[in-house]
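S.K.: Submitted below is the structure of interest, expressed as structure tokens.
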Amino acid sequence: MDLDFNPEEQTFRDDVRRFLDTELPADIRDRMRRDDASRIRDDIVRWQQILHAKGWGAPGWPVEFGGTGWSKTQQYIFENECALADAPAQLAFGIKMVAPVIMRYGSAEQQQRFLPRILAAQDWWCQGYSETGSGSDLASLKMKAEREGDEYVLNGHKVWNTLGQFADWIFCLVRTDPSAKPQKGISFLLIDMKTPGISVRPTRLLDGTFEVNEIRFDNVRVPVSNRVGEENLGWTYAKFLLGHERTNIAGIGFFKRELLRLKQDAAGVLKDGRSLLEDPAFGNKIAQVEIELTALEVTNMRVIFAEAAKQAPGPEASMLKIRGTEIMQRISELQVELLGPAALAYRPDDDGSRATAAYLNLRKLSIFGGSNEIQRNIIAHMILGL
Amino acid sequence: MDFSFTDEQQMLLDTTRRFIAEGYSFEHRNRVRASAEGWSREVWAQLAELGLLAINIPEEDGGIGAGPVGTLLVGNAIGEGMLLEPFWSSAVVATHAIVSLGSAEQKSEWLPRLAGGETIAVLAHDEASTRFDAMTIETRATPRGEGWELSGRKSAVYHAPAADLLLVSARVGEEWGLFAVPADASGVMLSAYATVDEQRAGDVVFEKVALAAGSRLGGDARLSLQAVLDYGLAALCAEAFGAMDRILAATISYSRSRVQFGAPIGSFQALQHRMAEMLMHLEQARSMSYLAASRCTDPDPATRSAALSAAKTLMGQAARYIGQQAVQLHGGMGMTDELDVSHYFKRLLAFELRCGTTDQHLEKYRRQLRAA
């Protein structure tokens, strides 16, 4: 047993750090540090192009598709270092979500058509899963796809499409067989957002931002060749994808960065002649969350180590998702507690409201990607065998 | 990064587990518990026979030298079996203290006897007068003739009634010293009791105990004693993990077989989520037991201390949550002496209180927080 990175892993980490030091544009780093999303599309695209030029555009992909071929441990190191350096997170919808599905279940033609464009940030992807009546019970989704010759005709809507306002493409779960059992009648489609009949309406969120959208489909015609895999087997592909999504959600590097900010901020606030970092009441809260994050970091490494031997992520990913999101939400709570009544003045575009806006926004963490209650169901069923 | 165990380490775990499965059933443990001494000399001899009392003795001193990871795995099994014998006190802490601080002569005198189970040694360090703050002691040793005179009080010394040899920490002027005191020395007074987790312990008073010159182990023992305490804490975490693992397994199994309202209670979502939560506490605790084992021999005291305080805090909280919920989910049966659940529960309570409480370690961890 060895909890430390071995010499090769340390060398790799140093390489990543050096790259981030020299190649991450200062203006992007600065905006990320301030949670400034005003140019988020450009920032993500530009950073992806830089990564791609280096050959690091897709840390999780095999070499044959233009990926790095890195081990799980290397991917973990890379993501942590990127987060710690305030790099923008890569757009997960393309690289981490639809791409693995296309690689695993897509046709050779789909792979050639879509994967290189994802890698080079030429296509911006979003996800079309949830509907108004289908959240946790995703398999009940109703958006219709009726076959007409070599096309599907789509009618219905999708909600919570994160950053869908910038999207060139959307991957959707649609109902192709209304008479089958819910999980059996779903197909997985790739849809060009420029197709006539698609309309995007941003949803204003509690923090005042427009991060998610509602997308309507009125008689949208999609070639059958844009279906991934077989008709009515979309649920299988979706489950494969959800496993991927959860493993990626823990985000240890991001949590560490935010915890460090919390400590730095606390060290700068004086109360009774000492900083809030040294204040027993507030300091103990920080100590508690740092301890839990330390444990999660080891747990995450254990899962990666175990996964390296297997193919798909196991139900342990649910555990990482729950504890990771709880820890991040706790950190964001403490950032607001640190501000105290100063958090009342709310100016979303101002640095002073960064913590408050983050607190509001990050309530999403325990809701998206399969709510934490759904994750507990998964743990009970898969791990505990209940 | 590697979470695998070597064949030797795995064999230690298998050996200990097999011994418990074959020779230390819950029923057997009940008989040992009810005996006058409260632990079994026969079992102790078997542990010696299996080599388990020698795992913390380096190979060059005739032991197995299994180190913290071997101790972690053996500790897991001991926690699973809730052994009542002085394994942690003698074969981990006291043995490690003699290995770390003892002279060649002291080692050759005691280590073979500790490995063979003929001598039981315990570390007497904590004092109630300082509210069990491990870094404060009031017991004092003063030079007297060629040797020393020792006076003070040690509290809640696990397995003191079983000990032949007490390793006593004491202030020596500005220094700390560690002294080997025969349990039957004149001026040593033991008040023995059973602990809440059914082990045996005692408060020990040292009243002008005369000690020979060769009874001191090493020089200023402050730093090396801290290292011994850290090593012991990691091993105690390993035992606690074993107990948590078993009490959760018992709870899951019970929830599958206990039928109410016409269905196994494990089919109810409220209880499923509770057990999912217990499992997450357990897995985080497992990670911390690994961290404790990995860092407990780190040469840097600050690194060691931060890791161990983090581990004890999180594992103490996990022990409380898992223990309480296990009793709750067993309903009335969880309250009985008959099931092993209540005994694991008490073992976990003792874990929370030993080697620094959860609050003490959280506080210790907070004091080293840095904004960098």
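The values are calculated or read from the model by the stated rules, or taken from the named source; none is laboratory data. Quantities reported herein were computed from a predicted structural model and do not represent experimental measurements. Cβ placement follows ideal geometry from the backbone for every residue including glycine, while neighbour counts extend to all protein chains displayed.
S.K.: Looking for something without any contact (Cβ under 8 Å) to a residue 24 or more places away in the chain, within 26 Å of B:V327 (Cα to Cα) and aliphatic (A, V, I, L, M) - is there at least one such residue anywhere in segment B:232-245?
M.R.: Taking every residue of segment B:232-245 in turn, none turns out to be without any contact (Cβ under 8 Å) to a residue 24 or more places away in the chain, within 26 Å of B:V327 (Cα to Cα) and aliphatic (A, V, I, L, M).
S.K.: Right, something else. When you scan segment A:324-332, do you find a residue that is modelled with pLDDT of 95 or more, within 10 Å of chain B (Cβ to nearest Cβ) and under 21 Å from the mean Cα position of the chain (by Cα), even just one?
M.R.: Yes, segment A:324-332 contains at least one residue that is modelled with pLDDT of 95 or more, within 10 Å of chain B (Cβ to nearest Cβ) and under 21 Å from the mean Cα position of the chain (by Cα).
S.K.: Being without any contact (Cβ under 8 Å) to a residue 40 or more places away in the chain, among the basic types (K, R) and not assigned by TED's automatic domain parsing to the domain that holds B:A163 narrows it down to one of B:R41, B:R17, B:R33, so name that one.
M.R.: B:R41
S.K.: Those residues that are over 15 Å from B:L279 (Cβ atoms) and surrounded by 21 or more Cβ atoms within 10 Å (Cβ to Cβ), I need them from segment B:316-326; list them, please.
M.R.: B:G316
S.K.: Counting only residues that are assigned to a helix (DSSP H, G or I) and in contact with a Ser or Thr (Cβ under 9 Å, 6 or more places away or on another chain), which one in segment B:81-90 is surrounded by the fewest Cβ atoms within 10 Å (Cβ to Cβ)?
M.R.: Top of the filtered list is B:G81.
S.K.: For the list (1) closer than 21 Å to A:R323 by Cβ; (2) at pLDDT 95 or above; (3) within 14 Å of chain B (Cβ to nearest Cβ), I need the number of the one condition that A:L338 fails.
M.R.: (1)
S.K.: Would it be correct to say that B:H28 is part of a helix (DSSP H, G or I), away from chain A (no Cβ under 14 Å) and closer than 13 Å to B:A235 by Cβ?
M.R.: No.
S.K.: Here's another thing I want to ask about it. Give the residue that is surrounded by the most Cβ atoms within 10 Å (Cβ to Cβ), with candidates limited to residues of segment B:1-18 that are within 14 Å of another protein chain (Cβ to nearest Cβ) and part of a helix (DSSP H, G or I).
M.R.: B:L12
S.K.: While we're looking at this one, here's another question. So, in segment B:52-80, of the ones that are small (G, A, S) and part of a helix (DSSP H, G or I), which residue ends up surrounded by the fewest Cβ atoms within 10 Å (Cβ to Cβ)?
M.R.: B:G67
S.K.: Which one of these does A:F78 not meet: (1) surrounded by fewer than 21 Cβ atoms within 10 Å (Cβ to Cβ); (2) part of a helix (DSSP H, G or I)?
M.R.: So the condition that A:F78 fails would be (1).
S.K.: In the list B:D197, B:D230, B:D203, which residue meets the criterion of being at negative phi, assigned to a loop (DSSP other than H, G, I, E, B) and either more than 13 Å from every other protein chain (Cβ to nearest Cβ) or in contact with a His (Cβ under 7 Å, 6 or more places away or on another chain) (or both)?
M.R.: It is B:D197.
S.K.: Would you be able to tell me the number of residues in segment A:1-50 that are under 19 Å from the mean Cα position of the chain (by Cα) and not assigned by TED's automatic domain parsing to the domain that holds A:G67?
M.R.: Final tally of qualifying residues: 0.
S.K.: Limited to segment B:257-275, what total is found for residues that are closer than 15 Å to A:I383 by Cβ and of a type in the set (S, T, N, Q)?
M.R.: 1
Residues are listed down the side, and each one gets a yes or a no for (1) within 14 Å of another protein chain (Cβ to nearest Cβ); (2) within 30 Å of A:E146 (Cβ to Cβ); (3) out of contact with any helix residue (DSSP H, G or I) (no Cβ under 8 Å at 6 or more places or on another chain):
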{"site": "A:L205", "(1), (2), (3)": "no, no, no"}
{"site": "A:R216", "(1), (2), (3)": "no, yes, yes"}
{"site": "A:E230", "(1), (2), (3)": "no, yes, yes"}
{"site": "A:Q264", "(1), (2), (3)": "yes, no, yes"}
{"site": "A:A267", "(1), (2), (3)": "yes, no, yes"}
{"site": "A:G273", "(1), (2), (3)": "no, no, yes"}
{"site": "A:V289", "(1), (2), (3)": "yes, no, no"}
{"site": "A:M301", "(1), (2), (3)": "yes, no, no"}
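S.K.: Scan segment B:270-289 and tell me whether some residue there is over 24 Å from B:L329 (Cα atoms), touching a residue at least 24 places away in the same chain (Cβ under 8 Å) and within 18 Å of the chain's Cα centre (by Cα).
M.R.: Yes - at least one qualifying residue is present in segment B:270-289.
Results for (1) in contact (Cβ under 8 Å) with a residue 12 or more places away in the chain; (2) in a loop (DSSP other than H, G, I, E, B); (3) over 15 Å from B:E239 (Cα atoms); (4) outside the structural domain of B:A34 (by TED's automatic domain parsing), shown as yes or no for each residue.
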{"site": "B:Y321", "(1), (2), (3), (4)": "yes, no, yes, yes"}
{"site": "B:Q325", "(1), (2), (3), (4)": "yes, no, yes, yes"}
{"site": "B:E338", "(1), (2), (3), (4)": "no, yes, yes, yes"}
{"site": "B:V341", "(1), (2), (3), (4)": "yes, no, yes, yes"}
{"site": "B:Y344", "(1), (2), (3), (4)": "yes, no, no, yes"}
{"site": "B:R347", "(1), (2), (3), (4)": "yes, no, no, yes"}
{"site": "B:E352", "(1), (2), (3), (4)": "yes, no, no, yes"}
{"site": "B:C355", "(1), (2), (3), (4)": "yes, yes, no, yes"}
{"site": "B:H361", "(1), (2), (3), (4)": "yes, no, yes, yes"}
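S.K.: I need the full set of residues from segment A:264-283 which are surrounded by fewer than 20 Cβ atoms within 10 Å (Cβ to Cβ), of a type outside the set (A, V, I, L, M, F, W, C) and under 19 Å from B:K364 (Cα atoms), in order please.
M.R.: A:R274, A:S275, A:E278, A:D279, A:P280
S.K.: Between A:A99, A:A108, A:A83, A:A139, which is assigned by TED's automatic domain parsing to the domain that holds A:I198 and either closer than 21 Å to A:N161 by Cα or surrounded by fewer than 21 Cβ atoms within 10 Å (Cβ to Cβ) (or both)?
M.R.: Sole residue among the options that is assigned by TED's automatic domain parsing to the domain that holds A:I198 and either closer than 21 Å to A:N161 by Cα or surrounded by fewer than 21 Cβ atoms within 10 Å (Cβ to Cβ) (or both): A:A139.
S.K.: Got a sec? Which strands (runs of 3 or more DSSP E) wholly within segment A:139-181 have at least 3 residues that are over 26 Å from A:I95 (Cβ atoms) and modelled with pLDDT of 95 or more?
M.R.: The strands (runs of 3 or more DSSP E) meeting that bar are A:144-148, A:151-158.
S.K.: Please go through segment B:263-294 and give me each residue that is assigned to a helix (DSSP H, G or I), touching a Lys or Arg at 6+ places or on another chain (Cβ under 7 Å) and more than 8 Å from every other protein chain (Cβ to nearest Cβ), ordered by number.
M.R.: B:I265
S.K.: Test B:Y290 against the criterion of being within 30 Å of A:F5 (Cα to Cα), crowded, with 19+ Cβ neighbours inside 10 Å and aromatic (F, W, Y), and give yes or no.
M.R.: yes
S.K.: If you don't mind, there's one more thing I want to ask. Take segment A:62-85 and flag every residue that is under 16 Å from the mean Cα position of the chain (by Cα) and not small (G, A, S).
M.R.: A:Q75, A:Y76, A:F78, A:E79, A:N80, A:C82
S.K.: Something else: Of these, A:K263, A:K271, which one is more than 20 Å from the chain's Cα centre (by Cα) and modelled with pLDDT under 95?
M.R.: A:K271
S.K.: Taking interchain pairs and intrachain pairs at least six residues apart, which have beta carbon atoms under 7 angstrom, with the first residue in segment A:1-17 and away from every other protein chain (no Cβ under 12 Å) and the second part of a helix (DSSP H, G or I)?
M.R.: Hits for this filter: A:V16/A:I77; A:V16/A:F78; A:V16/A:E81; A:R17/A:E81.
S.K.: How many residues, within segment B:249-262, are facing chain A (nearest Cβ under 9 Å) and either within 21 Å of B:R17 (Cβ to Cβ) or outside any helix (DSSP H, G or I) (or both)?
M.R.: Residues flagged as facing chain A (nearest Cβ under 9 Å) and either within 21 Å of B:R17 (Cβ to Cβ) or outside any helix (DSSP H, G or I) (or both) within segment B:249-262 amount to 1.
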